[in-house]
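Below is one structure, written out as structure tokens; comments come after it.
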């Protein structure tokens, strides 16, 4: 009897630890932005830092993905102009279907910015757009 109880408790402990060690969900994330503004790794990091794991329970990772678009650059007066858009879109396999379910857009300008400052502004605006989208979920 004692041995049976020990086996039951050991099995339960293993099950709990296996669930606790389960990998975080792998969100489908895609970046549609010029590398000069934000590279794929930078955009992906922003998404993954701001998407809570609970999102995967409400919005299945096999059905919905997250797409970012960051556009802009310099105008004739050397002002950096950035528009960042974060979207939740359907996915089919590895393909993103451009039919946004939820969208968030942010924009900004910075006078006299260097290319590095413009890229930093793009990252800040994308992070704001992602956080706004996540808050709406």
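Every number here is computed from the coordinates shown, using simple stated rules; none is lab data. Just so you know, these numbers come straight off a predicted model, no measurement behind them. Ideal geometry is used to build each Cβ from the backbone, glycine not excepted, and the neighbour counts take in all protein chains shown.
For the peptides 81-94, 105-118, 56-69, the ranking by mean Cβ contacts within 10 Å, running from highest to lowest, is 81-94, 56-69, 105-118. Note on region 26-136: Cα-only Rg and Dmax are 14.2, 47 Å. Three principal axis extents describe the C-alpha atoms of region 54-103; from largest down they are 46, 22, 14 Å. Would you mind telling me the antiparallel percentage of the DSSP bridges in region 26-136, rounded to 5? Roughly 85 percent of the DSSP beta bridges within region 26-136 come out antiparallel.
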